[in-house]
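Report on the following structure.
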Amino acid sequence: MRPYAKLYLTRKGERAARSGHPWVYGEEVTHVDGQYKTGDLVDVLSEKGKYLGTGFANDISKIRVRIISRNANDRFDEAFWQRRVQYALAYRRTVMGEKDFSCCRLIFGDADEMPGLTVDRYNDLLVAQTLCYGMDVVKPVIFKALTDQLRHMGVIIRGIYERNDVRVRELDGMEQYKGWYETPYLPEPGSALTTIDENGILYDVDVENGQKTGFFLDQKYNRLAVAKIAAGHHVLDCFTHTGAFALNAAKGGAASVTAVDISDEAVSMTRENIRRNGLEDKVTAMQANVFDLLTDLADHKNHDYDFIILDPPAFTKSGHTVRNAIRGYKEINLKAMKLLPRGGYLATCSCSHFMRDDLFRSMLADAASDAGVHLRQIEGRQQSPDHPILWNVPETNYLKFYLFQVV
């Protein structure tokens, strides 16, 4: 006899589970056999009682069960989670290589069959975010496995910082907080600052106060794609955050780079990163609203830039606001296309899962038509492979990145 309560699913829920999607929504559960509490493991079954998987239950969340295994023979003990961690680390070391393994995403939620858990490595620090109640329960085992297995690889981690200061946790019945994960095997983490080397550029990362977990790792190789074609160009990097695209463009040989962000704090960080890498003669950081700046440049028929980078924050975080998001994306892309000379270059992105690739491409085509230009695609890219995409879980596919020549 299996020790778990049984949740029976509708045919719609069964189809989703059989397709490999790990989420079971509340309305897809027809009835329950047995008792459980939030965070417990439960079995999910078809209407006819056929086993579909086992996952963490949560009656508070819209997602009633997050499936972690489809093998009825699995035992969810310490060894089970150690294997999951081992698979995740081995994958990153393989696809990222030894150097980039020092600064990458080690665990990417459902893509690593550890739902709601994100763990990023910044050199000697790990930053974790736990958005699933069940994973919050088992995280001590996972964190210990991470530090142990990294140590076996020759990597010494001095601390794990938890960035659980996000409202989404409340939807799963958990409190918000941030701080060091307290454990005897990591007794004195020290400073929340560390230095990373990404693409040969140095950054100071503040895991306590930086956005998300401290840095945006998913654009690592897209920044290299920008650097590859930046030589000799005058670059405008919009929504620069910490200046990463701007610095990569400068390192790639750009004649000049202007990095723009609305946040004073972001501009300050960018200036420090410019100084840290000795690029003061090439890169200038300025505080401005990108929408207003692009409008002002267009009104003054300013054509100082022949390479524009658009890396905005997510304009939509739900399916209900996609239409408004499309208008925002179109506005900045249309203005950029009008500003660029013929033969100029455009890098443009969306980091919202809800802004599907077909919608993003359609928006770009409309913007190009309205601007009276044509787009010659150089590359279409996605997030770096430490953020793997599972084809059966569309939510893992979120970043769109395109490089064009405007002709």
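The values are calculated or read from the model by the stated rules, or taken from the named source; none is laboratory data. In this text the structure is predicted, and so the values were computed from the model without any measurement. FYI the Cβ positions are ideal-geometry reconstructions off the backbone, even for glycines, and counts take in every protein chain you see. We work out accessible area using only protein heavy atoms, side chains counted, and drop any ligands, DNA or RNA first. Shrake-Rupley method; radii C 1.70, N 1.55, O 1.52, S 1.80 Å.
Okay, here's what the table says:
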{"read-out": "Cβ-Cβ under 8 Å pairs, at least 6 apart or on other chains, the range 10-29 side in a loop (DSSP other than H, G, I, E, B), far side basic (K, R)", "value": "P22/R66"}
{"read-out": "Complete set of residues in the range 189-228 that are open to solvent by less than 40 Å² (accessible area, probe 1.4 Å) and in a helix (DSSP H, G or I)", "value": "K220, N222, R223, A225, V226, A227"}
{"read-out": "Any chance N199 is closer than 21 Å to S102 by Cβ and of a type in the set (S, T, N, Q)", "value": "yes"}
{"read-out": "Only listed residue being part of a helix (DSSP H, G or I), more than 19 Å from I60 (Cβ to Cβ) and under 20 Å from the mean Cα position of the chain (by Cα), chosen from L89, L150, L126", "value": "L89"}
{"read-out": "Candidate set from the range 335-379 (those that are of a type in the set (S, T, Y) and in contact with a helix residue (DSSP H, G or I) (Cβ under 7 Å, 6 or more places away or on another chain)); member that is farthest from T316 (Cα to Cα)", "value": "Y345"}
{"read-out": "Evaluation of H387 against (1) open to solvent by 10 Å² or more (accessible area, probe 1.4 Å); (2) in a loop (DSSP other than H, G, I, E, B) (one fails), failing number", "value": "(1)"}
{"read-out": "Odd one out for V65 among (1) touching a residue at least 60 places away in the same chain (Cβ under 8 Å); (2) among the β-branched types (V, I, T); (3) under 19 Å from N392 (Cβ atoms)", "value": "(1)"}
{"read-out": "Failed criterion for D136 (all others in (1) under 20 Å from W23 (Cβ atoms); (2) of a type in the set (D, E); (3) touching a strand residue (DSSP E or B) at 6+ places or on another chain (Cβ under 8 Å); (4) crowded, with 21+ Cβ neighbours inside 10 Å hold)", "value": "(4)"}
{"read-out": "Residue within the range 236-253 that is hydrophobic (A, V, I, L, M, F, W, C), open to solvent by 60 Å² or more (accessible area, probe 1.4 Å) and modelled with pLDDT of 95 or more present", "value": "no"}
{"read-out": "Qualifying residue in the range 310-321 (condition: closer than 18 Å to R376 by Cβ and surrounded by 15 or more Cβ atoms within 10 Å (Cβ to Cβ))", "value": "yes"}
{"read-out": "Boolean, D370 is farther than 29 Å from G252 by Cα and either part of a loop (DSSP other than H, G, I, E, B) or in contact (Cβ under 8 Å) with a residue 12 or more places away in the chain (or both)", "value": "yes"}
{"read-out": "Failed condition for A249, given (1) free of Cβ contacts under 8 Å to residues at least 60 places away in the same chain; (2) farther than 23 Å from V95 by Cβ; (3) of a type outside the set (S, T, N, Q)", "value": "(1)"}
{"read-out": "Selected residue [among the β-branched types (V, I, T), touching a helix residue (DSSP H, G or I) at 6+ places or on another chain (Cβ under 9 Å) and surrounded by fewer than 24 Cβ atoms within 10 Å (Cβ to Cβ)] from T118, T94", "value": "T118"}
{"read-out": "Within the range 57-86, considering residues that are among the aromatic types (F, W, Y) and more than 25 Å from the chain's Cα centre (by Cα), the one least open to solvent (accessible area, probe 1.4 Å)", "value": "F80"}
{"read-out": "All positions within the range 12-51 that are of a type in the set (D, E) and open to solvent by 70 Å² or more (accessible area, probe 1.4 Å)", "value": "E27, D33, E47"}
